[in-house]
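Structure, as structure tokens:
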Protein chains: 2
Amino acid sequence: MAVYTDVSESQLTAFLADYDLGPLLSYKGIAEGVENSNFLLRTGCGTFILTLYEKRVNRGDLPFFVGLMEHLAERGLSCPLPVHTRAGESLGELSGRPAAIFTFLEGMWTRRPSAEHCRAVGGAMARMHAEAADFRLHRANGLALADWRPLFDSCHGRADEVEAGLSDEIAAELTFLEANWPADIPRGIIHADLFPDNVFFLAGELSGLIDFYFACDDLLAYDLAIGLCAWCFEADASFNVTKGRALLEGYAAVRPLLDEELAVLPVLCRGASLRFLLTRLYDWLNTPEGSFVTKKDPKEYLRKLRFHRSVDSASGYGFDTERMKA
Amino acid sequence: MAVYTDVSESQLTAFLADYDLGPLLSYKGIAEGVENSNFLLRTGCGTFILTLYEKRVNRGDLPFFVGLMEHLAERGLSCPLPVHTRAGESLGELSGRPAAIFTFLEGMWTRRPSAEHCRAVGGAMARMHAEAADFRLHRANGLALADWRPLFDSCHGRADEVEAGLSDEIAAELTFLEANWPADIPRGIIHADLFPDNVFFLAGELSGLIDFYFACDDLLAYDLAIGLCAWCFEADASFNVTKGRALLEGYAAVRPLLDEELAVLPVLCRGASLRFLLTRLYDWLNTPEGSFVTKKDPKEYLRKLRFHRSVDSASGYGFDTERMKA
């Protein structure tokens with residue numbers, strides 16, 4: 001949950017004076033997003049989301065994030081649309097923070113994804129990849145392969161507090177990934193954090209994607225690998241191949257996958273697992289006890305990583321060459 | 001901020017099946033209330049607040065709280081109105097918690113109360129007292145005079161960690177209040193927590209009162225004393241007599257104050273200050289370091305208590321006998 005910065009009515013009224021949104025009726029801090037402060041805003045023109053960008057977000061990245069949402073929304077992808085001031089700006093300043101207003105998306109994120117949810121997510125991810133292809137801005141992935149070793153170095157001395165042998169296991173995995181990470185497969189803008197809480201459904205249909213604050217340029221199939229990790233495991237860490245097949249089919253129906261992408265999918269999934277294992281490990285070791293922040297268990301991603309090491313081809317994720325190939 | 005219990009779409013859909021509120025469109029946990037989990041709920045029929053009652057709230061008190069809001073709303077006081085199921089129930093169960101749905105009140109709480117805000121709050125408090133007079137349920141104040149000594153006993157050994165001599169000062173104050181607490185002045189249902197964050201304003205007008213979860217039977221003028229403490233001090237702990245006068249005038253214009261009530265106002269204000277000093281002291285000493293909960297400084301109420309000890313009549317709060325007497 002996240003409201004780090006309070007906003008007074010007079011500050012917000014002054015901020016809204018630059019917009020054509022009618023009178024301010026109410027605003028409530030909402031428990032959504034972990035990097036920013038978010039408010040549900042009601043004005044004479046309807047319901048909106050007000051986001052204040054906290055220090056963990058690089059200000060220089062904001063034109064990319066906000067511009068990408070605008071680009072995607074203009075292409076018909078359902079995602080929050082930045083609202084412009086009368087002067088045409090979509091980023092302002094409020095309570096000493098960069099701030100933006102977005103349209104409100106109805107819908108709920110699903111706590112229990114089904115295969116049909118996975119199929120819809122695969123399709124939406126592929127549409128996002130396709131529509132973002134001609135977006136004019138770019139952003140390097142701040143949590144890419146090259147960033148994992150420094151992250152590991154900052155916590156490897158304490159990794160075995162989480163599980164005996166974890167430090168050695170991560171070191172070996174890093175060495176493997178550094179030697180085997182693919183380069184010559186399609187690149188583009190990826191969401192990079194398309195977890196269930198960032199996808200809304202309404203009446204059984206996917207109604208929108210949110211939280212583009214990890215979006216970046218990277219291998220398109222790496223986004224799929226993150227999706228397989230985020231959507232297709234059961235609570236006991238078993239991989240549900242029906243969900244995997246649905247996610248891959250949903251994706252491939254919009255953007256067919258190349259043989260080269262399929263061949264490296266297990267390596268990409270190992271990378272995606274290690275990325276979340278490392279950030280969770282870092283947070284686990286550095287979040288004070290008694291904090292209200294829910295610590296996410298790094299071992300969940302250790303179990304996923306071990307599963308991916310056992311997979312030797314895309315068919316292990318349910319990919320059916322006959323039905324889905326490019 | 002408060003969302004202690006997560007709710008899944010399927011649980012909420014099942015809960016809503018008993019209501020005539022149309023389809024579920026979205027729900028977001030909001031950072032409002034410190035005792036309960038609150039969600040902003042949108043359905044085909046509009047915007048509502050969904051409250052899940054956490055363990056700190058006694059289930060046996062819920063019919064009083066929810067019934068009081070319904071009673072007051074029916075009398076035209078602007079406060080959240082409990083929404084009934086088709087069977088006429090206003091309390092149900094969701095995610096293992098008692099739960100209720102309320103109408104949504106537009107408006108914002110004011111971070112910087114003016115004298116006009118204070119006047120409006122005084123008037124709304126008096127209307128609440130008048131309209132609640134014939135409410136059929138009753139609830140003893142769980143933080144009344146008799147509860148302060150046990151609360152003090154649980155933390156007096158560490159009170160001096162906050163300020164040297166604090167333990168002795170509280171002990172003497174308790175002894176004074178136990179000997180001088182009034183009995184023969186009007187009683188009724190009071191809000192008991194009418195702080196600025198529980199009063200909404202819209203376009204300069206008071207638009208509603210919320211958070212009745214400390215409401216109880218007690219001395220009516222004790223609510224005024226809490227209001228004087230909550231609304232009429234400046235950030236430097238100085239008492240703003242213009243705001244005090246406005247709050248008292250606003251109140252007395254609706255329900256004239258008796259001589260006996262005015263005479264004991266300084267004692268009641270000392271009691272109100274001690275009540276918040278003690279609960280803040282308890283929380284200060286018992287909230288773990290590093291917790292995301294903002295600890296409220298007990299010394300703020302120590303300074304207010306000392307001010308009230310210097311007041312010998314209601315005129316010290318701006319009460320003007322010529323203009324306001326019963």
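Taking the condition among the aliphatic types (A, V, I, L, M), over 15 Å from A:L209 (Cβ atoms), in contact with a Leu (Cβ under 9 Å, 6 or more places away or on another chain) and outside the structural domain of A:F15 (by TED's automatic domain parsing), does A:A115 pass? If you could, list the steps in order and put the result at the bottom.
Numbers: among the aliphatic types (A, V, I, L, M): yes; over 15 Å from A:L209 (Cβ atoms): yes; in contact with a Leu (Cβ under 9 Å, 6 or more places away or on another chain): yes; outside the structural domain of A:F15 (by TED's automatic domain parsing): yes.
Considered against the rule, which asks whether it is among the aliphatic types (A, V, I, L, M), over 15 Å from A:L209 (Cβ atoms), in contact with a Leu (Cβ under 9 Å, 6 or more places away or on another chain) and outside the structural domain of A:F15 (by TED's automatic domain parsing), A:A115 comes out as yes.
For A:R270, which of the numbered conditions (1) within 20 Å of A:E173 (Cβ to Cβ); (2) part of a loop (DSSP other than H, G, I, E, B) fails to hold?
All conditions pass for A:R270, except number (2).
Return the only residue of B:Y53, B:Y27, B:Y4 being hydroxyl-bearing (S, T, Y), within 30 Å of A:T5 (Cα to Cα) and within 8 Å of chain A (Cβ to nearest Cβ).
On the way: B:Y53 fails: within 8 Å of chain A (Cβ to nearest Cβ); B:Y4 fails: within 8 Å of chain A (Cβ to nearest Cβ).
From the options B:Y53, B:Y27, B:Y4, the qualifying one is B:Y27.
Say whether the condition of being hydroxyl-bearing (S, T, Y), in contact with a helix residue (DSSP H, G or I) (Cβ under 7 Å, 6 or more places away or on another chain) and under 29 Å from B:C232 (Cα atoms) is met by at least one residue in the range B:146-160.
Taking the range B:146-160 as the starting set, the residues that turn out to be hydroxyl-bearing (S, T, Y) are B:154.
Pick out the ones that are also in contact with a helix residue (DSSP H, G or I) (Cβ under 7 Å, 6 or more places away or on another chain) and you get B:154.
Then drop every residue that is not under 29 Å from B:C232 (Cα atoms), which leaves none.
No, the conditions are met nowhere in the range B:146-160.
Out of all the residues in the range A:179-197, is one or more of a type outside the set (K, R), within 14 Å of chain B (Cβ to nearest Cβ) and not in a helix (DSSP H, G or I)? Break it down stepwise before answering.
Residues of the range A:179-197 that are of a type outside the set (K, R), as a first pass: A:179-186, A:188-197.
From what's left, within 14 Å of chain B (Cβ to nearest Cβ): A:196-197.
Now narrow it down to the ones that are not in a helix (DSSP H, G or I): none.
No, the conditions are met nowhere in the range A:179-197.
All but one of (1) outside any strand (DSSP E or B); (2) crowded, with 19+ Cβ neighbours inside 10 Å hold for B:I101, so report the exception by its number.
(1)
Considering only the range A:36-78, how many residues are in a helix (DSSP H, G or I) and of a type outside the set (K, R)? Talk me through it step by step, then tell me what you get.
Going residue by residue through the range A:36-78, those that are in a helix (DSSP H, G or I) are A:59-74.
Filter again for of a type outside the set (K, R), leaving A:60-74.
The number of residues fulfilling the criteria is 15.
Condition check ((1) in the same structural domain as B:E131 (by TED's automatic domain parsing); (2) within 21 Å of the chain's Cα centre (by Cα); (3) over 30 Å from B:T103 (Cβ atoms)) across all residues:
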{"position": "B:W148", "(1), (2), (3)": "yes, yes, yes"}
{"position": "B:D168", "(1), (2), (3)": "yes, no, yes"}
{"position": "B:F176", "(1), (2), (3)": "yes, no, yes"}
{"position": "B:F200", "(1), (2), (3)": "yes, yes, no"}
{"position": "B:L220", "(1), (2), (3)": "yes, yes, no"}
{"position": "B:L247", "(1), (2), (3)": "yes, yes, no"}
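Which one of these does B:S78 not meet: (1) within 14 Å of another protein chain (Cβ to nearest Cβ); (2) surrounded by fewer than 18 Cβ atoms within 10 Å (Cβ to Cβ)?
(2)
So, in the range B:79-94, exactly how many residues are outside any loop (DSSP other than H, G, I, E, B) and β-branched (V, I, T)? Give the derivation first.
Step one: of the range B:79-94, the residues outside any loop (DSSP other than H, G, I, E, B) are B:82, B:92-94.
From what's left, β-branched (V, I, T): none.
Count: 0.
From the list A:A126, A:A146, A:A133, A:A159, pick out the single residue that is of a type in the set (A, V, I, L, M) and at pLDDT below 95.
Working: A:A126 fails: at pLDDT below 95; A:A146 fails: at pLDDT below 95; A:A133 fails: at pLDDT below 95.
None of the others qualify; the one that does is A:A159.
Do you know which of the residues in the range A:78-122 that are out of contact with any strand residue (DSSP E or B) (no Cβ under 8 Å at 6 or more places or on another chain) and of a type in the set (G, A, S) is farthest from A:E205 (Cα to Cα)?
Filtering the range A:78-122 down to residues out of contact with any strand residue (DSSP E or B) (no Cβ under 8 Å at 6 or more places or on another chain) leaves A:84, A:86-89, A:96, A:111-116, A:118-119, A:122.
When the remaining residues are screened for being of a type in the set (G, A, S), the result is A:87-88, A:96, A:114-115, A:122.
Values: A:A87: 36, A:G88: 33, A:G96: 38, A:S114: 12, A:A115: 13, A:G122: 13 Å.
Going through the qualifying residues, I end up with A:G96.
Under 7 Å between Cβ atoms, at least 6 apart or on separate chains: pull out the pairs that start in the range A:1-22 with a residue that is on the phi > 0 side of the Ramachandran plot and at pLDDT 95 or above and end on any residue that is surrounded by fewer than 18 Cβ atoms within 10 Å (Cβ to Cβ) and not aromatic (F, W, Y).
Note: pairs meeting the criteria are A:G22/A:G44; A:G22/A:C45.
So, in the range B:118-169, exactly how many residues are among the charged types (D, E, K, R), surrounded by 17 or more Cβ atoms within 10 Å (Cβ to Cβ) and part of a loop (DSSP other than H, G, I, E, B)?
Looking only at that region, the number is 1.
When residues of the range A:136-189 are filtered for being out of contact with any strand residue (DSSP E or B) (no Cβ under 8 Å at 6 or more places or on another chain) and free of Cβ contacts under 8 Å to residues at least 40 places away in the same chain, how many remain?
Here is the first cut: in the range A:136-189, the ones out of contact with any strand residue (DSSP E or B) (no Cβ under 8 Å at 6 or more places or on another chain) are A:136-137, A:143, A:145-181, A:183-184.
Next, from what is left, pick out any that are free of Cβ contacts under 8 Å to residues at least 40 places away in the same chain: A:146-147, A:149-150, A:153, A:156-157, A:160, A:164-165, A:167-168, A:171-172, A:175, A:178-179, A:183.
Number satisfying all stated conditions: 18.
Quick one: in the range A:7-24, of everything that is surrounded by fewer than 18 Cβ atoms within 10 Å (Cβ to Cβ) and not in a loop (DSSP other than H, G, I, E, B), which residue is farthest from the other protein chains (Cβ to nearest Cβ)?
A:A14
The values are calculated or read from the model by the stated rules, or taken from the named source; none is laboratory data. In this text, all values refer to a predicted model and were calculated from it rather than measured experimentally. Cβ atoms come from the backbone with ideal geometry, glycine included; neighbour counts cover every protein chain shown.
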